[in-house]
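Colleague: I'd like to ask you about the structure that follows.
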Amino acid sequence: MMNNMGLPGLLMLIVYAVVVVVPFYQLWKRTGHNGWLALLMLVPLVNLIMLYVLAFKQWPIESQS
């Protein structure tokens, strides 16, 4: 039998999603990508791959020097 998480659980899930997606949205925009790539941060395993891409790619500030 599945446990129903109810409204409090749903609200916590939404808060978690906002807390994760909003900062990554800004980061992806600053690196010249579509900010909506931040939604991939909610997908397990894909989020780790995208985090490594973000961490090790050349940032615009590095190419200005």
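The values are calculated or read from the model by the stated rules, or taken from the named source; none is laboratory data. These numbers were taken from a predicted model, which means no experiment stands behind them. Please note: Cβ atoms are built from the backbone with ideal geometry, for glycine as well, and neighbour counts cover all protein chains shown.
Colleague: Being aliphatic (A, V, I, L, M) and touching a Leu at 6+ places or on another chain (Cβ under 7 Å) is the filter; apply it to region 41-65 and report the residue that is modelled with the lowest pLDDT. Break it down into steps so the answer makes sense when it comes.
Modeller: We begin by selecting, within region 41-65, every residue aliphatic (A, V, I, L, M); these are 41-43, 45-46, 48-51, 53-55, 61.
Keeping just the survivors that are touching a Leu at 6+ places or on another chain (Cβ under 7 Å) gives 46, 50, 54.
On the way: V46: 94, M50: 90, L54: 87.
That would be L54.
Colleague: Count, please, the residues in region 38-62 that happen to be of a type in the set (A, V, I, L, M) and within 19 Å of V19 (Cβ to Cβ). Break it down into steps so the answer makes sense when it comes.
Modeller: Applying the first criterion (of a type in the set (A, V, I, L, M)) to region 38-62 yields 38-43, 45-46, 48-51, 53-55, 61.
Going one step further and asking which of them are within 19 Å of V19 (Cβ to Cβ), we end up with 38-43, 46, 48, 50-51, 54.
Summing the residues that are of a type in the set (A, V, I, L, M) and within 19 Å of V19 (Cβ to Cβ) in region 38-62 gives 11.
Colleague: May I ask you to verify whether L54 is under 22 Å from L13 (Cα atoms) and either in contact with a Gly (Cβ under 7 Å, 6 or more places away or on another chain) or of a type in the set (A, V, I, L, M, F, W, C) (or both)? First the steps, then the outcome.
Modeller: Details: under 22 Å from L13 (Cα atoms): no; either in contact with a Gly (Cβ under 7 Å, 6 or more places away or on another chain) or of a type in the set (A, V, I, L, M, F, W, C) (or both): yes.
So L54 fails the test.
Colleague: Moving to a separate point now. Output the residues belonging to region 33-59 that are surrounded by 11 or more Cβ atoms within 10 Å (Cβ to Cβ) and not in a helix (DSSP H, G or I).
Modeller: Of everything in region 33-59, those that are surrounded by 11 or more Cβ atoms within 10 Å (Cβ to Cβ) and not in a helix (DSSP H, G or I) turn out to be H33, V43, K57, W59.
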